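Student: If you scroll down you'll find the structure; I have some questions about it.
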Amino acid sequence: MSEIALLSQVREYLAAQHGSFIHGRYQLPETGGTVAVVNPATAQPIAHVRHADDATIAAAVASSASAFRGAWADTSPYQRGVVLNRLADLMEAHSEELAQLETLCSGKSIHLSRAFEVGQSAVFLRYFAGWATKIRGETITPSFPSTAGERYTAFTRHEPVGVVAGIVPWNFSVMIGIWKIAAALTTGCTVIIKPSESTPLTLLRVAELAIEAGLPPGVLNVVNGDGACAQALIADPGVAKVSFTGSVPTGRSVGQAAMAANLTRVTLELGGKNAAALLRDVDVDLAVAGLVQTGYVHQGQVCAAPERVYVHRSRVDEVLTKVGAALRTITIGSPLDESVQFGPLATAGQFEKMCGFFELARQQGEIVHGGEILDRPGYFVQPTAVLAKRADDRLLHEETFGPLIGFLPYGDEDELPGLINDSALGLAASVWTNDLSRAMRLIPQIEAGTVWVNMHTFLDPAVPFGGMKGSGVGREFGSAFIDDYTELKSVMIRF
Ligand code: NDP
């Protein structure tokens with residue numbers, strides 16, 4: 001097992017001074033504190049970033065507002081699509097550099113960084129680029145009575161809302177940033193991204209590539225900082241919309257702050273406690289392979305990952321035996337090692353939180369596999385599966401956002417809607433069965449924004465994604481995003 005060699009441009013980039021990216025160039029805020037970026041595989045600092053101060057945030061909003069009224073407003077829909085496509089090309093051309101940077105900051109395996117943070121980001125960019133020329137209103141014939149021979153017609157226009165603030169978590173900081181950037185830019189908005197302070201570097205580099213792709217200065221700005229920086233951005237009256245992805249408690253406070261600021265529009269993509277239901281006739285090999293792949297990828301730090309699995313009592317021994325066997329084969333180690341499947345947790349906070357869940361698992365359940373930390377530098381823990389004792393165990397209700405799946409047997413399939421919906425959250429769920437009729441009857445009863453059948457965590461740019469209940473407000477992707485990034489204007493004409 002050995003690590004890949006870091007590119008020289010990655011080493012140089014890490015050694016440089018970092019801050020924010022405003023109006024087409026890097027800026028080092030004058031009074032913001034400097035914060036270390038820590039490599040979770042070693043727990044050592046690898047770079048330093050100056051956080052945005054109030055003046056920097058105000059400058060970012062002013063820059064985005066002027067670009068919205070000026071350069072970007074004058075850019076045709078076709079041209080907007082061309083620039084987004086060029087950015088996709090440039091990200092692919094710089095794939096290895098971006099992937100290495102992201103792996104160093106987040107602990108994500110280098111394969112995942114290449115395939116998702118860069119590869120899928122390019123796919124999303126190209127999908128959204130296609131929308132630029134397809135956003136349209138409708139024509140309507142009003143029913144007003146004509147008193148003197150006059151006629152009426154009406155039409156609607158989708159007009160960009162203006163400056164969007166995109167607040168992004170650390171788990172897929174590039175790809176989730178791109179979801180917000182692409183949705184904003186294709187509808188004609190300008191955007192300011194606030195990455196997580198844990199993963200601040202790669203989007204800075206993407207912003208630089210966007211200028212190379214032909215994006216006018218100010219159309220995409222990046223401000224680095226912590227929660228206070230995000231709150232200052234939300235409070236700025238120049239921000240017309242906030243698009244937030246992150247945890248449920250922070251999402252609530254973001255929503256309240258946006259309302260208080262200026263009734264600012266807000267979309268919230270929040271956490272989940274996603275259920276998987278294995279029916280009596282389940283194909284166990286298919287289900288175990290799918291759940292192990294999607295439950296432990298990126299160390300389980302995926303919002304839609306399955307965290308609680310309900311298994312028909314007749315199949316539970318077989319399922320747990322196969323899950324345990326699959327977890328034993330997972331290779332753990334440096335995310336820069338191409339032979340490794342499972343790296344460190346992303347932050348010290350995540351590590352502490354998982355230690356707490358392991359303790360809870362020992363008290364409340366029976367550990368099928370894992371439940372230990374690794375004796376090495378960095379934030380390494382084992383992929384863990386637990387057999388829970390009761391449906392109300394905390395393990396089946398609190399989002400772990402880590403590599404721990406809780407399993408619970410059930411006896412009758414009529415219990416499944418109650419078990420699955422017994423959560424304050426409703427992001428995603430999956431049903432595993434060979435009987436499509438049973439699946440189709442179950443789907444309408446499940447309170448989740450996405451339901452997968454015989455698969456889990458597949459996000460496609462054409463398929464809307466978002467949460468029910470406490471998992472959020474609004475939908476990304478498909479055509480669903482258009483209403484969130486545009487104002488609908490009605491025009492009525494008498495002739
Ligand atoms: P957080 O809510 O802690 O942070 C998300 C972003 O908000 C970060 O940029 C963070 O900055 C910022 N932030 C922190 N405090 C505040 C505040 N008071 N006001 C405004 N912004 C703030 O979430 P995590 O980064 O820990 O991400 C994990 C969570 O995100 C999980 O619950 C996961 O389920 C959810 N998620 C949801 C997805 C979805 O599409 N539904 C996708 C991915 C993740 P900083 O990090 O610098 O503190």
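Student: In region 258-272, what residues are near the ligand (Cβ under 9 Å from one of its atoms) and more than 22 Å from A184 (Cα to Cα)?
Tutor: G271, G272
Student: Within region 193-209, is even one residue in contact with a Pro (Cβ under 7 Å, 6 or more places away or on another chain), within 13 Å of the ligand (Cβ to nearest atom) and either within 24 Å of P40 (Cα to Cα) or open to solvent by less than 10 Å² (accessible area, probe 1.4 Å) (or both)?
Tutor: Yes; the residues of region 193-209 include at least one that is in contact with a Pro (Cβ under 7 Å, 6 or more places away or on another chain), within 13 Å of the ligand (Cβ to nearest atom) and either within 24 Å of P40 (Cα to Cα) or open to solvent by less than 10 Å² (accessible area, probe 1.4 Å) (or both).
Student: In this structure, is A88 within 16 Å of F172 (Cα to Cα) and assigned by TED's automatic domain parsing to the domain that holds E159?
Tutor: The answer is no for A88.
Student: Could you look through region 440-494, keep only residues that are open to solvent by less than 40 Å² (accessible area, probe 1.4 Å) and of a type in the set (S, T, Y), and pick out the one that is farthest from the chain's Cα centre (by Cα)?
Tutor: T486
Student: What tally of residues in region 138-173 results from selecting those that are over 22 Å from W72 (Cβ atoms) and not in a loop (DSSP other than H, G, I, E, B)?
Tutor: Result for region 138-173: 7.
Student: When you scan region 249-275, how many residues do you find that are assigned to a loop (DSSP other than H, G, I, E, B), in contact (Cβ under 8 Å) with a residue 60 or more places away in the chain and not small (G, A, S)?
Tutor: Result for region 249-275: 2.
Student: Suppose we keep only residues that are in a helix (DSSP H, G or I) and within 16 Å of the ligand (Cβ to nearest atom) within region 210-228. Which one would you say is nearest to E269 (Cα to Cα)?
Tutor: By that ranking, first place goes to G227.
Student: Related question: Considering only region 340-352, state which residues are away from the ligand (no atom under 16 Å from the Cβ) and either among the charged types (D, E, K, R) or open to solvent by less than 30 Å² (accessible area, probe 1.4 Å) (or both).
Tutor: Correct list: V340, F342, G343.
Student: Restricting attention to region 145-198, which residues are out of contact with any helix residue (DSSP H, G or I) (no Cβ under 8 Å at 6 or more places or on another chain) and touching a residue at least 60 places away in the same chain (Cβ under 8 Å)?
Tutor: Across region 145-198, the qualifying residues are E150, R151, Y152, T153, A154, F155, T156, R157, E159, I176, K180, E197.
Student: Also, quick follow-up: Output the number of the condition that S253 fails; it satisfies all remaining conditions of (1) outside the structural domain of T321 (by TED's automatic domain parsing); (2) in contact with a strand residue (DSSP E or B) (Cβ under 9 Å, 6 or more places away or on another chain); (3) within 30 Å of A429 (Cα to Cα).
Tutor: For S253, the failing item is (2).
Student: Could you name every one of the helices (runs of 4 or more DSSP H) located completely within region 1-116 that has at least 3 residues being in contact with a helix residue (DSSP H, G or I) (Cβ under 9 Å, 6 or more places away or on another chain) and closer than 26 Å to G402 by Cα?
Tutor: Where helices (runs of 4 or more DSSP H) fall fully within region 1-116 and carry at least 3 residues being in contact with a helix residue (DSSP H, G or I) (Cβ under 9 Å, 6 or more places away or on another chain) and closer than 26 Å to G402 by Cα, they are 95-106.
Student: Would you check if P142 is open to solvent by 10 Å² or more (accessible area, probe 1.4 Å) and in contact with a helix residue (DSSP H, G or I) (Cβ under 9 Å, 6 or more places away or on another chain)?
Tutor: No; evaluated as a whole, the condition is false for this residue.
Student: Among the numbered conditions (1) more than 23 Å from G290 (Cβ to Cβ); (2) at pLDDT 95 or above, tell me where S430 comes up short.
Tutor: (1)
Student: When only residues in region 241-257 that are surrounded by fewer than 23 Cβ atoms within 10 Å (Cβ to Cβ), small (G, A, S) and more than 6 Å from the ligand (Cβ to nearest atom) count, which is farthest from D484 (Cα to Cα)?
Tutor: Filtering region 241-257 for residues that are surrounded by fewer than 23 Cβ atoms within 10 Å (Cβ to Cβ), small (G, A, S) and more than 6 Å from the ligand (Cβ to nearest atom), the one farthest from D484 (Cα to Cα) comes out as A257.
Student: Looking at N171 and the list (1) within 12 Å of the ligand (Cβ to nearest atom); (2) within 17 Å of A60 (Cα to Cα); (3) out of contact with any Phe, Trp or Tyr (no Cβ under 7 Å at 6 or more places or on another chain), which single condition is not satisfied?
Tutor: (2)
Student: Has region 387-405 got any residue that is touching a Phe, Trp or Tyr at 6+ places or on another chain (Cβ under 6 Å) and open to solvent by 10 Å² or more (accessible area, probe 1.4 Å)?
Tutor: Among the residues of region 387-405, at least one is touching a Phe, Trp or Tyr at 6+ places or on another chain (Cβ under 6 Å) and open to solvent by 10 Å² or more (accessible area, probe 1.4 Å), which makes the answer yes.
Student: Condition first: within 14 Å of the ligand (Cβ to nearest atom) and more than 15 Å from L270 (Cβ to Cβ). Now tell me which residues in region 461-477 satisfy that.
Tutor: Those that are within 14 Å of the ligand (Cβ to nearest atom) and more than 15 Å from L270 (Cβ to Cβ): P461, V463, P464, F477.
Student: Looking at S437, S423, can you tell me which residue is within 30 Å of G343 (Cα to Cα) and among the hydroxyl-bearing types (S, T, Y)?
Tutor: From the options S437, S423, the qualifying one is S423.
Student: Go through region 295-311 and report how many residues are buried (at least 22 other Cβ atoms within 10 Å of the Cβ) and not in a loop (DSSP other than H, G, I, E, B).
Tutor: Here the count works out to 11.
Student: Hey, could you check region 229-239 for residues that are surrounded by 15 or more Cβ atoms within 10 Å (Cβ to Cβ) and more than 7 Å from the ligand (Cβ to nearest atom) and say which is nearest to P200 (Cα to Cα)?
Tutor: Restricting to residues being surrounded by 15 or more Cβ atoms within 10 Å (Cβ to Cβ) and more than 7 Å from the ligand (Cβ to nearest atom), the top hit is C229.
Student: For region 323-339, what are the residues that are assigned to a helix (DSSP H, G or I) and open to solvent by 50 Å² or more (accessible area, probe 1.4 Å)?
Tutor: R328
The values are calculated or read from the model by the stated rules, or taken from the named source; none is laboratory data. Please read these numbers as outputs of a predicted model, since none were measured by experiment. All Cβ positions, glycine included, derive from the backbone under ideal geometry; neighbour counts span all protein chains shown. Quick note on the areas: whole protein, heavy atoms, side chains included, nothing else; ligands and nucleic acids left out. Shrake-Rupley method; radii C 1.70, N 1.55, O 1.52, S 1.80 Å.
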